[in-house]
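The values are calculated or read from the model by the stated rules, or taken from the named source; none is laboratory data. Since this is a predicted model, take the numbers as computed values, not measurements. When we count neighbours, we look across all protein chains shown, and the Cβ atoms used for this are built from the backbone with ideal geometry, even at glycine.
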Amino acid sequence: MPALEHSVQRAHGSGSIARLVAEADAIVARIGQHSLAKLALRFGLAVPFWRSGILKWDGFLQLNDVAVELFSSEFKLHLPGGPYDYPAPELFAFGVGCAEIILPVLLVLGLATRFAAAALLVMTIVVELTVPDGWPIHVTWAAMALGVMALGPGRLSLDALIARRFAG
């Protein structure tokens, strides 16, 4: 019996409060299923990157001028001795724009999930080095990416479907 429940029973001479706490805990645990939590983590991490990626494009493989301008003049890497300009800003803008579309789609589908989360963690670190004042939101992105990397995609994913299909 957990210590809290044991002390509650001793204090009140009855297990009614302890039972109530245990029943409430069980209800909350049933709502927060592992697969649902993993799906929510995947979606939560995908959304901000998808939204950022969509804003960088004017059409199929056509970066907009704003995206290139941001990487050319606004975004700087804040490293010791810096800030530094991005070398080949057009290439960086194109790569980031592609990654911000492809990786969230992989996350939502649950395909190559841990790889996609790891790539978004790296992107989050670079974003933090580019926009250091954004750390409160960046730390949540990093936490979600680490959660997906550690816990995996869950049953509600193409990774799980593929694993079941090709298992034994």
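Residue pairs whose Cβ atoms lie under 6 Å apart, sitting 6 or more positions apart in sequence or on different chains, and linking a residue in the range 133-146 that is touching a residue at least 24 places away in the same chain (Cβ under 8 Å) to a partner that is surrounded by 15 or more Cβ atoms within 10 Å (Cβ to Cβ), are 141/124; 144/41; 144/44; 144/45; 145/45; 145/117; 145/120; 145/121. Take the residues in the range 106-130 that are surrounded by fewer than 19 Cβ atoms within 10 Å (Cβ to Cβ) and free of Cβ contacts under 8 Å to residues at least 24 places away in the same chain, then tell me which one is nearest to residue 148 (Cα to Cα). Only one residue fits best here, namely 115. A Cβ distance below 6 Å, combined with a sequence gap of six or more or placement on separate chains, defines the contacts here; from the range 151-168, residues that are modelled with pLDDT of 95 or more reach residues that are not in a helix (DSSP H, G or I) in the pairs 153/110; 157/110; 158/110; 158/111; 159/110; 159/153. Residues in the range 38-60 that are without any contact (Cβ under 8 Å) to a residue 24 or more places away in the chain and among the hydrophobic types (A, V, I, L, M, F, W, C) were compared, and the one that is nearest to residue 117 (Cα to Cα) is 40.
Among the candidates 141, 57, the residue that is over 14 Å from the mean Cα position of the chain (by Cα), of a type in the set (Phe, Trp, Tyr), at pLDDT 85 or above and within 29 Å of residue 158 (Cβ to Cβ) is uniquely 57.
Out of the range 71-97, which residues are more than 16 Å from residue 123 (Cα to Cα) and modelled with pLDDT of 85 or more? Can you show your working first?
Taking the range 71-97 first, the residues more than 16 Å from residue 123 (Cα to Cα) are 72-74, 80-85, 87-88, 90.
Of everything in the range 71-97, just one residue is more than 16 Å from residue 123 (Cα to Cα) and modelled with pLDDT of 85 or more, namely 90.
So, in the range 84-119, exactly how many residues are hydroxyl-bearing (Ser, Thr, Tyr) and part of a helix (DSSP H, G or I)? Count: 1.
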